Amino acid sequence: MNKATESGPGAPATDRGGEDRRQRKARQTREALADAAIDLILEHGLAAVTVEAVAERADVTRRTFSRHFGSKEAAALDFTRADGDRINAALRTRPADEPPLAAYRAAVRDWLTDPQTPGLHRRARTRALLALVDTEPALFAAYERVRVDAQDESVRIIADRLGTDPVRDQRPAVVVGAAAGVLTAALRSWARGTHGHDADLTAHVERAYAVLTQEAALAASHIA
């Protein structure tokens, strides 16, 4: 007898992650649509792919697609939204006495090295898709929307850590702008295969943050 039967008729069946059957099916459908969008875009190019084709590849209706995504670009880049959520979740758990910039850098490292939820560098096709972002305006716009949303949440988290109002205090926005900017620059160069064609994204990102730290120290000494 399975757990759903043991829990009584009509009770939601849950998995180890706490999802009931409906939530699990919705997640699986969303993931199937996102995978289909990535596959089709990489196979045929963004312009040749329609929402209907994505829905058909995922074996769902056009209406089901619209319940999950507003566009094919949003579907293909859904992994970036999920990764932003994971970075922010890690940021919330950093020690309260850790400086904000160090906390954000550590949260990124936690995301990249999480064995339970592989970072984008451990997933097939994501590097190729990210490389298209700079060449496809619609993908770039969708990516920027995801990035801005994630950074806005990061600003709120940093403001809470500092016990300040981000509207009046620019520190949270400045910290997040710098820290997230480093990550964005590292991701873009990694996707393009520049700077030594470094396949190890974790090391690549760490080196990028080291550059920020060094340049900030040099600037501080020069101003002083």
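Computed from Cα positions, the angle between helix 78-92 and the longest principal axis of the chain comes to roughly 50 degrees.
What accessible area per residue comes out for the chain, rounded to a whole number of Å², with a 1.4 Å probe?
That works out to 57 Å² per residue.
Could you work out what % of the accessible surface of the range 68-126 is carbon and sulfur, using a 1.4 angstrom probe and leaving DNA, RNA and ligands out of the count? Carbon and sulfur together cover 53 percent of it. Comparing mean-square fluctuations of ALA138, ALA36, ALA210 from a GNM of the chain with C-alpha springs under 10 Å, the top value falls on ALA210. Length gained on full extension, ALA53 to ASP152: 32.3 nm, using 0.36 nm per residue less the C-alpha separation.
Specify the angular offset, from 0 to 90 degrees and rounded to the nearest 10, of the alpha carbon long axis of helix 21-44 from the longest principal axis of the alpha carbons in the chain. Orientation of helix 21-44: about 70 degrees from the principal axis. Shown here: mean projected area of the Cα convex hull in nm², derived from the displayed model; of the candidates (i) 14.1; (ii) 16.6; (iii) 15.0, it corresponds to (ii).
Here the alpha carbons of the range 19-88 define both size measures, Rg and Dmax, at 12.1, 37 Å. Compared with the dominant Cα axis of the chain, that is its longest principal axis, helix 100-113 is turned about 40°.
Express in % the proportion of alpha carbon pairs of the range 53-162 at distances exceeding 19 Å. It works out to 54 percent of all Cα pairs.
The values are calculated or read from the model by the stated rules, or taken from the named source; none is laboratory data. Not measured: the values here are computed from a predicted model. Note: areas computed on protein heavy atoms with side chains; ligands, DNA, RNA excluded. Shrake-Rupley method; radii C 1.70, N 1.55, O 1.52, S 1.80 Å.
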